[in-house]
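Asker: One structure, as structure tokens, below. Some questions next.
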Amino acid sequence: MFAMTTVRNHCVHNLHRRAKRIIISLAKSACTLALKELQNWMKPEKVSSMLTAFPSSAEIVPEPLGLVLVISAWNYPFLLAIDPVIGAIAAGNAVVLKPSEIAPSTSAMLAGALPNYVDSSCIKVVEGSVPETTALLEQRWDKILYTGNAKIGRIIMNAAAKHLTPVVLELGGKCPVVVDSDVDLNVTSKRIVVGKWGSNNGFVWGSGGGGKNSILTATALFRLFGCEASARKVFWGPFERPVQLGFLKTDFSAFMFSSKVDALKVSLKSFYGENPMESGDLSRIVNSNHFARIVRLLNDEKLSGKIKHGGEKDEKLLKIEPTVLVDVPEDSLIMQEEIFGPLLPIVTVDNIEDCFDMINSKPKPLAAYLFTKNKKLEEKFVKDVSAGGLLINDTVMHFANPKLPFGGVGESGMGAYHGKHSFDAFSHKKAVLRRSFVGEVSARYPPYTPQKQKFLKALFTGNIVGLVLSIFQWPRS
């Protein structure tokens, strides 16, 4: 908790008020929860024993894994570093934290602040880039947690395999949004806009004197993909004709696609003003390399005429206006590469059910979102769509719930953390069975006569009738 106060003091001149309120609050909440619940998390879990070991007692005892490496990402450079560290410490491990070099101010702050408030012999911060990370991965660890992309995730996993080190990989992936016809369009557009452009906009981490090099990380958790090839987009259904979805029939004619795009524009202007490039609530791009990468996507000649809102760029300020694109070609760069920026492609489909099929035909996403009032469609979404997490009628908010595990599945990662799930992720569940010196059963020991075999078979299968018959040597019939 003292460390959280130190973070506030270090960053107060560089952080937007919303960042202080959200990021520091989430980190403090994780600390508070761990302090409050740690005694309960540490308690051995009593489980039932079995007839074969009678009399006995059984329990599951959590124990620290040992030495843990946490490699964090740049898009939420403080929270994605400190949150898993809290869980690893709570579980009793020694921790080495490697912050992202792409967010150098946050990395320097963590390296400078943490040693003042934690045991530096057990908790270390190692700064650096590829050489330092490579050197760390050559060491033997008891667990590695990495947040980032799948390409580096494979490198992490390959290095961990040399020592049979277990890993938690939070890799994100392509996270689709499906919008039904019966939604409150005003609320839906606001939640999509704040999820896409506001989830970490305003989170400023100063990287130099005067703050001229301070950065805001671009959109992160609300990563979008489309239903064709590697497209990233929002699935906007309904459309112009009725759609049969199982026994569900919805008339889409009243809700036109253009009204949804207009709703996004209204929300964007409401949140960020007529000139969003001057808004204090929108981020800069993290650095010039990522700015150039996003501009390259946006300048693709195949996107000519596809921009329906935004598109303004300022290389000096490293800012790109929130940009909405529609009917983006499948073979365009933005459909083939990771966006990780303030660009939102939108695609239309003829049948909402097609969205579910398309989602499941691609690598499993970190999260999938559905906006609907239809309970049957909601149930089908939960039942049929496989993702790290699902969120109905909102975006991103599941990340803030410490009772829910946060992690991916398949291509979007493995393992999960948050709250007790963090404690569990960095603990070994040790099985313990306790017996006394009474309760000997001669049938357990050789020689195994036919009568003993009958007895053991009945004992291990829990066949009480067969057990009684074998004891008294009565025939089965």
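Asker: Report the per residue volume, in Å³, of the convex hull enclosing the C-alpha atoms of region 402-477.
Answerer: Given the Cα convex hull of region 402-477, per-residue volume reads 222 Å³.
Asker: Further, regarding this structure: Which whole-Hz ³J(HN,Hα) couplings does region 440-445 yield from phi under the Karplus relation 6.51 cos²θ - 1.76 cosθ + 1.60, θ = phi - 60°, glycine and proline marked x?
Answerer: 5, 10, 5, 5, 5, 10
Asker: Cross-link candidates for LYS269: which aspartates and glutamates have Cα within less than 16 Å, leaving aside residues fewer than 8 places away along the same chain?
Answerer: GLU278, ASP281, GLU312, GLU321
Asker: List the residues whose amide H sits under 5 Å from the amide H of LEU325, counting only those 5 or more places along or on another chain, with H placed 1.01 Å from N in the peptide plane.
Answerer: Correct list: LYS308, LEU344, ILE346.
Asker: May I ask you to order 66-78, 326-338 by the average number of other C-beta atoms within 10 Å around their residues, highest value first?
Answerer: Ranking, from highest mean packing down: 66-78, 326-338.
Asker: Which length gain, in nm to one decimal place, applies between ASP331 and ARG435 when the Cα-Cα distance is subtracted from 0.36 nm times their residue separation? Walk me through the numbers on the way to the answer.
Answerer: Values: separation 104, 0.36 × 104 = 37.44 nm, distance 6.60 nm.
So the extension gain works out to 30.8 nm.
Asker: If you don't mind, another one. Extent of region 156-202 along each principal axis, from alpha carbon coordinates, in Å, largest to smallest?
Answerer: 52, 29, 12
Asker: From the cross-link list LYS151/LYS376; LYS260/LYS319; LYS28/LYS308, which pairs have alpha carbons spaced over 30 Å apart?
Answerer: Exceeds cut-off: LYS151/LYS376; LYS28/LYS308.
Asker: Can you give me the three principal axis dimensions of region 41-133 from its C-alpha atoms, in Å, biggest first?
Answerer: Computed over region 41-133, the largest-to-smallest principal extents equal 59, 24, 22 Å.
Asker: While we're looking at this one, here's another question. When the accessible area of region 288-363 is split by element with a 1.4 Å probe, what percent falls to carbon and sulfur? Don't skip to the end; give the middle numbers.
Answerer: Details: 1530 of 3500 Å².
Carbon-and-sulfur percentage of accessible area, whole number: 44.
Asker: Which of the listed residues, VAL396, TYR417, LEU366, is farthest toward the dipole's positive end in region 322-422, when Lys, Arg count +1 and Asp, Glu count -1 at the beta-carbon?
Answerer: Looking along the dipole axis, the top candidate is TYR417.
Asker: Using bins 10 angstrom wide from zero, how does P(r) for region 90-201 break down, in % of all Cα pairs?
Answerer: 11, 31, 28, 17, 11, 2
Asker: Hey, what did region 89-208 get for relative contact order, percent, Cα under 8 Å, at least 6 apart?
Answerer: 24
Asker: For region 372-446, report the translational diffusion coefficient in µm²/s to the nearest whole number, using Stokes-Einstein at 4 °C, 1.567 mPa s, and a Kirkwood Rh over Cα pairs.
Answerer: Translational D for this selection: 78 µm²/s.
Asker: Give the calculated FRET efficiency between ASP262 and LYS373 to the nearest 0.05, with a Förster radius of 30 Å applied to their Cβ-Cβ distance.
Answerer: 0.90
Asker: Within the set of other residues whose C-beta is less than 14 Å from the C-beta of ASP424, count the net charge using Lys and Arg as +1 and Asp and Glu as -1.
Answerer: For residues surrounding ASP424, the net value is +3.
Asker: Estimate the FRET efficiency between LYS403 and ILE60 by the formula 1/(1 + (r/R0)^6), using the beta-carbon distance for r and 22 Å for R0, to the nearest 0.05.
Answerer: About 0.65, to the nearest 0.05.
Asker: Next question, about the same structure. Using a cut-off of under 19 Å, list every residue of region 283-305 whose amide N is near the label point 7 Å from the Cα of VAL130 along the Cα-to-beta-carbon line.
Answerer: It comes to 287-293, nothing else.
Asker: Quick check on packing: order 160-169, 53-62, 346-355 by the mean number of other C-beta atoms within 10 Å, highest mean leading.
Answerer: Top to bottom by mean Cβ count within 10 Å: 346-355, 160-169, 53-62.
Asker: Let me ask you something else. What pairs from LYS174/LYS375; LYS313/LYS373; LYS174/LYS380 go past 28 Å between their alpha carbons?
Answerer: Cα-Cα > 28 Å for LYS313/LYS373; rest within.
Asker: May I ask for the net charge around ILE307, where only other residues with Cβ less than 13 Å from the Cβ of ILE307 are counted and Lys, Arg are +1 while Asp, Glu are -1? Provide the component values of the computation, followed by the final result.
Answerer: Values: positive: LYS265, LYS302, LYS306, LYS308, LYS313; negative: ASP300, GLU301, GLU312, GLU321, ASP327.
Net charge in that neighbourhood comes out at 0.
Asker: In terms of Cα to Cα distance under 12 Å, which aspartates and glutamates are near enough to LYS46, apart from those fewer than 8 places away along the same chain?
Answerer: Straight-line reach from LYS46, under 12 Å: GLU59.
Asker: Taking K and R as +1 and D and E as -1, what net charge do the other residues with C-beta under 14 Å from the C-beta of ILE144 add up to? It would help to have the intermediate numbers written out before the result.
Answerer: Working: positive: LYS98, ARG140, LYS143, ARG154, LYS162; negative: GLU138, ASP142, GLU170.
Computed value for this residue: +2.
Asker: When the Karplus curve 6.51 cos²θ - 1.76 cosθ + 1.60 is applied with θ = phi - 60°, which whole-Hz ³J(HN,Hα) does each residue of region 341-348 get, with x for Gly and Pro?
Answerer: x, x, 10, 10, x, 10, 10, 9
Asker: LYS196: which aspartates and glutamates have alpha carbons under 12 Å from its alpha carbon, excluding same-chain residues fewer than 8 sequence positions away?
Answerer: Reachable aspartates and glutamates: ASP394.
The values are calculated or read from the model by the stated rules, or taken from the named source; none is laboratory data. Note that the structure is predicted; figures quoted are calculated from it, not measured. Glycine also receives a Cβ, built like all others from the backbone with ideal geometry; neighbour counts cover every protein chain displayed. When the accessible area is computed, the model is the full protein with side chains, heavy atoms only, and any ligands, DNA or RNA have been set aside. Shrake-Rupley method; radii C 1.70, N 1.55, O 1.52, S 1.80 Å.
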